[in-house]
Structures are given as C-alpha cells and as structure tokens.
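The values are calculated or read from the model by the stated rules, or taken from the named source; none is laboratory data. Please read these numbers as outputs of a predicted model, since none were measured by experiment. A quick note on method: Cβ atoms are made from the backbone with ideal geometry, for glycine too, and the neighbour counts reach across all protein chains shown.
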Amino acid sequence: MAGKIAVWESQEWMSRKLELDLGVPLVHHRWRRCRRNFVDELRTEQRYAVYVGAVNFDRLANEVSVRWLADQCPGAQLKANKQICACA
C-alpha cells in the first residue's frame, strides 16, 4: 500500500473491512483527529483518499491522496478539508 509507514503507524484511526461490490474487499480508514478518510483496495493494493457517502466512497483527486499520505495528521479537521470533501 502507498503511503509512508511512519505516518500510518503514528495516527489514531478507526478501520473496518467492507465489501461494497461483491468480491471487492476494502479496508476503510478514518483518522480520528482530522477526519480524513482513506480506502485500501485489497485486490489492487491501492490506497487513496475518499469522501464517505451514504452507501459508497467517492475517490478524491490523486493530488489530495498524495498530499494526505505524505502529511502528518494536522490534529483536527481543517477547513480546507471540509471544502475538498464537501463534508461537515
């Protein structure tokens, strides 16, 4: 999976295994402090930033995934992230 190992080990996140499409296993990660959301696609070994909808995940721009995977957790949800994610 993409992303710096030290960053992932240093975060407090909630993770859950899902299968939204039959036969497509995912792991959803939500960082508790900053509320950023990521999905690991287990079949393709891809990790990327997502907006969490009611019944699906909308993949965010690759630039967002790259930046968030490289960043340390800001410790709180950023106003800019609310705009990117269209979430409260």
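Tabulated data for the structure shown
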| quantity | calculated |
| --- | --- |
| Boolean, Leu69 is surrounded by 13 or more Cβ atoms within 10 Å (Cβ to Cβ), at pLDDT below 90, closer than 16 Å to Glu9 by Cα and not small (Gly, Ala, Ser) | yes |
| Residues that are out of contact with any strand residue (DSSP E or B) (no Cβ under 8 Å at 6 or more places or on another chain) and either surrounded by 15 or more Cβ atoms within 10 Å (Cβ to Cβ) or not in a loop (DSSP other than H, G, I, E, B) (or both), drawn from the range 33-58 | Cys34, Arg35 |
| Residue ID - modelled with the lowest pLDDT, chosen from residues in the range 1-57 that are within 14 Å of Gln72 (Cα to Cα) and acidic (Asp, Glu) | Glu9 |
